Amino acid sequence: MKNRHAIIETLNEAVRIEHALLMQSDHQATVVRGLWRLQMAPFFSQLAEEARGHARKFGQKIVALGGTPTVEVGPVRQSETVEEMLYDALRLEREALASYERALELADDDTAMRNMLEDHIEAERRHVEELELLIPSASGTRIESTPAVRQAS
Ligand SMILES: [Fe+2]
């Protein structure tokens, strides 16, 4: 595989973001308060478990490629409200998706890697779309350009 080193680096970028999503979502599930807690604590717990699974899946792929999966955690945000928490989750999901898309561009000569990434990108895209439905004002925007909530913090 001609881009092996670059793919390992890019997948490690994704793993770093998945670690952040794991820590952030787990924290959100712990602290979310009010009536929202009934639905949002399990929601964020599930997000954390998915991120853990994705970090492991691509960590194992990095090992198979001869690399070392990172133990680093990307930037994590702590928020007070459910809407802020959803924005924070969306931001990381979009970052992870962008990393997997970059890895796919690098994997043009490896059919198995391309298939793995295409399937994964499809699932990650659905996560992003699901979060955008929960925060309609975020649909079709870049998270940086929807700062109404973020400016408050
Ligand atoms: Fe993921």
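Counting other beta carbons within 10 Å of each residue's own, what order do Met85, Met23 fall into, fewest first?
By the 10 Å Cβ count, ascending: Met23, Met85.
Length gain on complete extension for the stretch Arg126 to Thr111, per 0.36 nm per residue less the alpha carbon to alpha carbon distance?
Numbers: separation 15, 0.36 × 15 = 5.40 nm, distance 2.27 nm.
Working it through step by step, the gained length comes to 3.1 nm.
With +1 on each Lys and Arg Cβ and -1 on each Asp and Glu Cβ, and nothing else charged, work out how big the dipole of the range 1-84 is about its Cα centre, in Debye to the nearest 20. Numbers along the way, then the final one.
Details: 10 positive and 10 negative charges, 73 e Å.
The calculation lands at about 360 debye.
How much length, in nm to one decimal, is gained on full extension between Val71 and Arg4, taken as 0.36 nm per residue of separation minus their Cα-Cα distance?
Once the chain is fully extended between Val71 and Arg4, it gains 22.1 nm.
Using 7 Å Cα-to-Cβ label points, what is the Arg56/Ser139 separation (nm, one decimal)?
A separation of 3.5 nm, rounded to one decimal place.
I need Lys2, Lys61 ordered by Cβ neighbour count within 10 Å, fewest first.
Listed from fewest to most nearby Cβ atoms, that is Lys2, Lys61.
Membrane-span-like helices in the chain: DSSP H runs reaching 15 Å or more (Cα, own axis), mean Kyte hydropathy at least 0.0?
What comes out of the filter, once short or polar helices are dropped, is none.
Fewest first, what order do His27, His5, His54 take by the number of other Cβ atoms within 10 Å?
Starting with the residue having the fewest Cβ neighbours, the order is His5, His27, His54.
If you wrap a convex hull around the Cα atoms of the chain, how much volume per residue is inside, in Å³?
Spelled out: Cα convex hull of the chain, divided by residues, is 103 Å³.
Would you please report the Å³ per residue occupied by the convex hull of the alpha carbon atoms in the range 1-91?
On the way: hull volume 7.3 nm³, N = 91.
Output value, Cα hull per residue: 80 Å³.
Every number here is computed from the coordinates shown, using simple stated rules; none is lab data. What you see is a predicted model, and the numbers here were worked out from it, not measured in a lab. Here Cβ is always computed from backbone atoms with ideal geometry, including for glycine, and neighbour counts include all displayed protein chains.
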